[in-house]
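The values are calculated or read from the model by the stated rules, or taken from the named source; none is laboratory data. Just so it is clear, the structure is predicted and the values come from calculations on it, not from any experiment. Every residue, glycine as well, gets a Cβ built from its backbone with ideal geometry; the counts of neighbours run over all protein chains shown. Note: areas computed on protein heavy atoms with side chains; ligands, DNA, RNA excluded. Shrake-Rupley method; radii C 1.70, N 1.55, O 1.52, S 1.80 Å.
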Amino acid sequence: MPDQSSKLDVLIAGAGYVGLASAVSIKQARPSLAVAVVDAAPPDVWQKDGRASAIAAAACRMLEQLDIWHCIEPEAQAITEMIITDSRTGDPVRPVFLTFDGEVAPGEPFAHMIANRDLNRALRERAAELGIDIIQGVGVQGFETDGGGITVHLADGATLRARLLVAADGVRSKLRDMAGIKTVHWDYGQSGIVCTVAHERPHNGRAVEHFFPAGPFAILPLKGNRSSLVWAERTEEAERLVKGDEMIFEAELERRFGLELGEIRVEDKPRAWPLGLTLSRSFVAPRVALAGDAAHGIHPIAGQGLNLGFKDVAALAEVIVEADRLGQDIGALDVLERYQQWRRFDTVQMGVTTDVLTRLFSNDVAPVRAARDFGLGLVERLPRLKDFFIRQAAGLSGNTPRLLKGEPI
């Protein structure tokens, strides 16, 4: 743990993938900066995370540049194809309205699936190699800012001094509240059920997203004959399913999953969490920057939550490193405003997009179904538009930070 009297350059609150990747990105590019991470969660909680995430091609390039991807790739499953259907759970046939090939360039899949604990482990190992302190099991209790920096008080009574505090402590960020940053939030009345299933036949790298009236049901390929499920359901129904009898859950799961991959078996305890849209009104405050879910929480309908967080990481690291090279104060508000200007529009745009998609596809109104199916069919017949959506999903559109291009800062 850093000495209380020592001064850090960057203190990051949150040891999830956004917090750890921020620390690694800054420290690798600027070894002279003193960087540390604090996290309120117990030391081993990340090892119990059974979820998996889709890592877009741009994020893979960043992880490769950070010397992490080679540790993750053996456990990562490339998504080689994605298909989208629109139907009801009882329909005997689910017509495919849209298909995507899984490459943004020859030999480069637009996304990989990776277990969260494997990603977190690789980031922690890289942080240790770079000499980054991770203070686990101790959260931030409060802080005060002044012209020279920020004084951060930890829950165990320790006090740390830094030039910049990065809040990467999740969608219910306490640091965001401490900084006085307000949010726009609404609930969708849905919960996301997550679990891993084993199946009889191979998926061949295919991801499937079924749009059902209650919400999207995504089947995402993992290593071996296994898949990760992200199942959006009305909150009351989701709670009934995850808390009820296992046989009832499996029966409802089979109705949605289908028989294409043969018999299925649930490998872990299903969990559910409420789905909503949360957008911070500001991404920065004096000496404070928000990143990842602390800045934005979106519906998983487009699978972009993790990748938005990695875009924050790459942009914030680039702004901080370039400011330090120029001799500027990395915690000054005018420096942090560059980060906000870079990321806020893209984030709001993605939030609005996922909100529209959620409302458009989570219903069973006949005229709306006809309109959306027509739209899906139209995209299917326009190769250039499909390529545009693939690059969007891969994180390679717009003003892309260097790390996401696979370039050093």
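Rounded if a/c is under 1.5, else prolate if a/b is larger than b/c, else oblate: which is the chain, with a ≥ b ≥ c the root eigenvalues of its Cα gyration tensor? Taking the square roots of the gyration eigenvalues as a ≥ b ≥ c, the chain is prolate.
Note on CYS71: accessible area approximately 70 square angstrom, rounded to 10, probe 1.4 Å, nucleic acids and ligands left out. Computed over the alpha carbons of the stretch 126-262, Rg followed by Dmax gives 22.0, 63 Å.
From the protein chains alone at 1.4 Å, what is the descending order of accessible area for SER32, SER87, SER282, largest first? Don't jump to the answer; show the numbers that get you there.
Numbers: SER32 90, SER87 0, SER282 30 Å².
Output order, biggest surface exposure first: SER32, SER282, SER87.
For the chain, a Gaussian network of Cα nodes joined below 10 Å ranks ARG163, ARG344, ARG265 by mean-square fluctuation, and the top entry is ARG265. Remark: the chain carries 43 Å² of accessible area per residue (probe radius 1.4 Å; ligands, DNA and RNA excluded).
Between LYS48, LYS243, LYS386, where does the largest GNM mean-square fluctuation fall for the chain, given springs only between Cα atoms within less than 10 Å? Most flexible of the set in this elastic network: LYS48.
For the stretch 1-142, the carbon plus sulfur part of the accessible surface works out to 48%, probe radius 1.4 Å. The residues packed around PHE361, meaning those with a beta-carbon under 12 Å from its beta-carbon, carry a net charge of -2 if Lys and Arg are +1 and Asp and Glu are -1. Simple spin-label estimate for ASP334 and CYS71 gives 3.9 nm between the two label positions (7 Å along the Cα-to-Cβ direction from each Cα).
Rounded to the nearest 0.05, what FRET efficiency do ARG51 and GLU407 give with R0 = 22 Å and r taken as the Cβ-Cβ distance? Could you check? Efficiency, rounded to the nearest 0.05: 0.15. When nucleic acids and ligands are ignored and a 1.4 Å probe is applied, PHE100 ends up with an accessible area of around 20 Å². Across GLU260, GLU75, GLU103, mean-square fluctuation computed from a Gaussian network of the chain (C-alpha pairs under 10 Å connected) peaks at GLU260.
Rounded to the nearest 10 Å², what accessible area does TYR188 have for a 1.4 Å probe in the complete protein model? About 40 Å², ignoring ligands and nucleic acids. The 3J(HN,Hα) values that the Karplus relation (6.51, -1.76, 1.60; θ = phi - 60°) gives for the stretch 102-110 are, in residue order, x, 10, 9, 7, x, x, 10, x, 6 Hz. Gly and Pro appear as x.
Would you work out what percent of the accessible area of the stretch 187-251, with all protein chains in place, is carbon or sulfur (probe 1.4 Å)? Write down the numbers at each step before the final one.
Working: 1340 of 2610 Å².
For the stretch 187-251, the apolar C and S fraction of the accessible surface comes to 51 percent.
Considering only protein heavy atoms and a probe of 1.4 Å, how much of the accessible area of the stretch 270-312 is carbon and sulfur, as a whole percent? C and S fraction of accessible area: 55 percent.
Using Cα pairs closer than 8 Å and at least 6 residues apart in sequence, work out the relative contact order for the chain, in percent. Display every interim value, and only then the final one.
Working: 861 pairs, mean separation 88.8, N = 409.
With pairs under 8 Å counted, the relative contact order is 22 percent.
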